[in-house]
Amino acid sequence: RDGMSSVHGLRLFRQIEICVLRHGSVSGALRRAPPASSGFVRSHRGQHLTPARWLSGSAAQSVQSVALRLNCQVGFIPHPEKAHKGGEDAFFVLTHDAGHGSGCGVADGVGGWAEQGVDSGEYSRALMKEAHRHLEEQLSTSSGTGASTLGALTSAYLKCTMLGSSTACLASLHRDQLETLNLGDSGFLLLRPLLRLPPMKEPGAFQIIHRTTEQAHRFNMPFQLGAHSNDLPEHGDRATFTVEVGDLLIMGTDGLWDNVFEEDILSVLAEFSPAHDPGKAASKLAVAAHRAGLANRATPFSVRAEELGMNFKGGKLDDVTVVVARVDA
């Protein structure tokens, strides 16, 4: 149950399931089950290896790299009081044919700058515009190596010299390697479809492969890039994942994570098959976060506040940006 033995057991069980479906019996499956392949999350924080391949809903993948792409769709709802200026969130999506690279990013301008008459949305939009430009340039000129999210964010950070500050979360997919960087309290979930033997098929069911951890100096003060901040792009959490067709990347600003619990995100996805419509998934999650921000019920933000002895109830109304990216062949 611990260490690599359980991981290989899960891989073998997954492959036996697939073979049962193909060959009609457990004995036939055991005779034909391929050897378990390895796949790992490579973390750039702590330099440790974490098993990344689990029981999934797609067929067994070759150990060779597969050309994949991200089909990115966005749901965005600005704070009602900030809608006239487009909110303070920003995002980009970058989609090419499989094998040529794709990516996405979100940023959340820090609202405290408004007290000084500064629209931090201008900073976050400039940051994402430059990050998008850098990734697109690198993906179109690189010789099979993909593009660096750290390189993109560093380039953007150095070019954005106006007042303001922002969190940032980026992802870049080259072939089957998904490289991510998260700085602050935006973040993402990486999900994989669950496999159920007939007749227990659940097409909307997903398991969490990875979740980001919020980076904050203290409660409600996230790491941020920009003026008067000592945080740098290299301070963000970086990781690389081997992904499969059908995986989902749910990326969002804190308007999502402060207001919607993970189990509620999975429940929203289970209502339909986001494999067929990632745009609908993005819209439904953005609406769910916006409604929770207006409601007087427990939210992730209120739970954390109460744990720290603060008297805060209900949701935290904010800009909401959600990117749902499906891995396609």
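The values are calculated or read from the model by the stated rules, or taken from the named source; none is laboratory data. Given the structure is predicted, the values throughout are model-derived calculations rather than measurements. Methodologically, a virtual Cβ is constructed for each residue, glycine included, from the backbone with ideal geometry; neighbour enumeration extends over all protein chains shown. Surface accessibility is based on the protein's heavy atoms, side chains included, excluding ligands, DNA and RNA. Shrake-Rupley method; radii C 1.70, N 1.55, O 1.52, S 1.80 Å.
Listing for the model above:
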item	result
Cα gyration tensor category, rounded, prolate or oblate, for the stretch 233-300 with a/c compared to 1.5	oblate
Positive-end residue of Gln224, Gly279, Ser267, charge dipole of the stretch 202-285 with Cβ unit charges	Gln224
Burial ranking of peptide ranges 85-91, 179-185 (average Cβ count within 10 Å, highest at the top)	179-185, 85-91
Euclidean distance between Cα centres, the stretch 74-92 to the stretch 255-294, Å	17 Å
Calculated FRET efficiency for the pair Val303/Asn230, C-beta based, R₀ 25 Å, to 0.05	0.30
Positive-end residue of Gly103, Ser140, Ala156, charge dipole of the stretch 99-165 with Cβ unit charges	Ser140
Normalised contact order of the stretch 71-141, rounded percent, pairs of Cα under 8 Å and 6 or more residues apart	30 percent
Prolate/oblate/rounded label for the stretch 96-179 (Cα gyration tensor, a/c 1.5)	prolate
Accessible area per residue, Å², the stretch 265-329 with all protein chains present, probe 1.4 Å	45 Å²
Cα-projected label distance for Ala114 with Met162, points at 7 Å along beta-carbon direction, nm	1.7 nm
Links that overshoot a 24 Å alpha carbon limit, given the list Lys159/Lys316; Lys82/Lys129; Lys82/Lys284; Lys82/Lys316; Lys159/Lys280; Lys82/Lys313	Lys159/Lys316; Lys159/Lys280
Cα gyration tensor shape of the stretch 209-329, rounded if a/c is under 1.5, else prolate or oblate by comparing a/b with b/c	oblate
The stretch 225-329: relative contact order as a whole-number percent, Cα under 8 Å and 6+ apart	40 percent
Charge dipole (debye, nearest 20) of the stretch 79-140; +1 at Cβ of Lys and Arg, -1 at Cβ of Asp and Glu	80 debye
Neighbour net charge for Pro278 - beta-carbon separation under 10 angstrom, K R +1, D E -1	0
